[in-house]
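Asks: Below is the structure I would like to discuss, written out as structure tokens.
The values are calculated or read from the model by the stated rules, or taken from the named source; none is laboratory data. This structure is a prediction, so every number in the text was calculated from the model and none was measured. No Cβ is skipped: glycine too gets one built from the backbone with ideal geometry, and neighbour counts run over all protein chains shown.
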Amino acid sequence: MIDSYLKKTEDALRKLFDEKRRLYPERLFSAMEYSVFSSGKRVRPYLMLLSADFVDVSSEKILPLAVSLELIHNYSLIHDDLPCMDDDDFRRGKTSCHKAFGEAIALLAGDALLNLAYENLFEAVKTDPDLIMAASYLAKCAGAEGMIGGQAMEFSIDAFDETLITELCMKKTGALICAAALCPAFVCADREKFNALGTFASAIGLCFQLKDDLLDENKSEPKSYLGVTGKEHTADMVAKLGKIAFKALEPFENADNLRNLTEFLLNRTR
Ligand code: GRG
């Protein structure tokens, strides 16, 4: 991992929270801070900064989008842990937000993170209109065509086959990974790289969820890719998707950082 990219993300998130500390109700702020600063891997903003580098967009330019993406990811995890969703008492090795702060505050902390993400996006687009297409794509990926749509499929479909569970995973988890990889490509005008990043992002987005299934095998969720297709097939698909991701980057010499991240995602243990 490139430490300076992780630090840039961390510093920008911290700065934003420091600006808001006095403006938000104390308990709400604490719940938001508890969730956002709790050992998340920061994979999505990191990928966005690497992808920006790949298409020659500066990290300073893309950073507000990377921050908003991480805020959206964290809101989704708070809501996903609620009793009406996945009902999880733990997240990242500590009590989940609603267990620590109560359901009402956790729900509102998720809502507030989502709103802060869009406030931050609007502020960025106001000063840098180049970001408008990327911001719009990010909103689409986070919404009912993307992450929320995937989550809704989980609660509205009873019987999954491979096609349906693939669609669910690509939306629920893959859409934010696609946003991370593709937003910078909306800022530059390189069609070849845009297309390559599109293929790369779809492959690693799905791969990320399948790898998560394999890491979380003990939970053996029936509405997961692993639950529907089995462990062996899931492991085969992870390998296949990894190959697709590498192939998409093959023509490009300056894609080593993206290749390294792909390697990390394929081999990750948490
Ligand atoms: C509630 C609107 C809404 C959406 C929830 C993201 C999501 C949709 C559900 C999370 C369920 C889940 C654990 C899926 C597995 C893939 C995934 C998103 C894992 C968590 O992402 P990481 O590993 O998390 O990047 P960290 O903790 O590192 O930030």
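Asks: For segment 80-103, give me each residue that is assigned to a helix (DSSP H, G or I) and within 11 Å of the ligand (Cβ to nearest atom).
Replies: If the condition is that a residue be assigned to a helix (DSSP H, G or I) and within 11 Å of the ligand (Cβ to nearest atom), then D80, D81 are the ones that fit.
Asks: How many of the residues in segment 214-270 are outside any helix (DSSP H, G or I), surrounded by fewer than 14 Cβ atoms within 10 Å (Cβ to Cβ), among the polar types (S, T, N, Q) and in contact (Cβ under 8 Å) with a residue 24 or more places away in the chain?
Replies: Count: 1.
Asks: So, T166, is that one touching a Leu at 6+ places or on another chain (Cβ under 8 Å), modelled with pLDDT of 95 or more and of a type in the set (S, T, Y) or not?
Replies: It is true that T166 is touching a Leu at 6+ places or on another chain (Cβ under 8 Å), modelled with pLDDT of 95 or more and of a type in the set (S, T, Y).
Asks: Here's something else I'd like to know. Go through V36, V67 for me and flag whichever is buried (at least 22 other Cβ atoms within 10 Å of the Cβ) and either more than 19 Å from the chain's Cα centre (by Cα) or within 12 Å of the ligand (Cβ to nearest atom) (or both).
Replies: After ruling out the rest, the residue left standing is V36.
Asks: Also, quick follow-up: Only one of L107, L6, L63, L47 is in a helix (DSSP H, G or I), under 24 Å from K211 (Cβ atoms) and at pLDDT 95 or above. Can you tell me which?
Replies: Exactly one residue qualifies, and that residue is L47.
Asks: Name the pairs whose Cβ atoms lie under 9 Å apart, with the first residue in segment 72-93 and more than 18 Å from R42 (Cα to Cα), the second near the ligand (Cβ under 6 Å from one of its atoms) and among the charged types (D, E, K, R), and 6 or more positions between them or separate chains?
Replies: D86/D80; D88/D80
Asks: Output the residues belonging to segment 1-33 that are surrounded by fewer than 16 Cβ atoms within 10 Å (Cβ to Cβ) and of a type in the set (G, A, S).
Replies: S4
Asks: For the condition of a type outside the set (K, R), in contact with a strand residue (DSSP E or B) (Cβ under 7 Å, 6 or more places away or on another chain) and on the phi < 0 side of the Ramachandran plot, what is the one hit in S38, S30?
Replies: S38
Asks: Kindly indicate whether any position in segment 202-210 is aromatic (F, W, Y) and modelled with pLDDT of 95 or more.
Replies: So far as segment 202-210 goes, no, none of its residues is aromatic (F, W, Y) and modelled with pLDDT of 95 or more.
Asks: Looking at segment 209-230, is at least one residue over 26 Å from D88 (Cα atoms) and either away from the ligand (no atom under 15 Å from the Cβ) or in contact with a Pro (Cβ under 7 Å, 6 or more places away or on another chain) (or both)?
Replies: Within segment 209-230, none of the residues are over 26 Å from D88 (Cα atoms) and either away from the ligand (no atom under 15 Å from the Cβ) or in contact with a Pro (Cβ under 7 Å, 6 or more places away or on another chain) (or both).
Asks: For F186, are the conditions met, namely being assigned to a helix (DSSP H, G or I) and touching a residue at least 40 places away in the same chain (Cβ under 8 Å)?
Replies: For F186, the condition - assigned to a helix (DSSP H, G or I) and touching a residue at least 40 places away in the same chain (Cβ under 8 Å) - is met.
Asks: Still on this structure: Since V57 meets every condition but one in (1) buried (at least 22 other Cβ atoms within 10 Å of the Cβ); (2) closer than 17 Å to L28 by Cβ; (3) away from the ligand (no atom under 12 Å from the Cβ), which condition does it not meet?
Replies: Unmet condition: (2).
Asks: Quick one: is K99 under 30 Å from K193 (Cβ atoms) and at pLDDT 95 or above?
Replies: no
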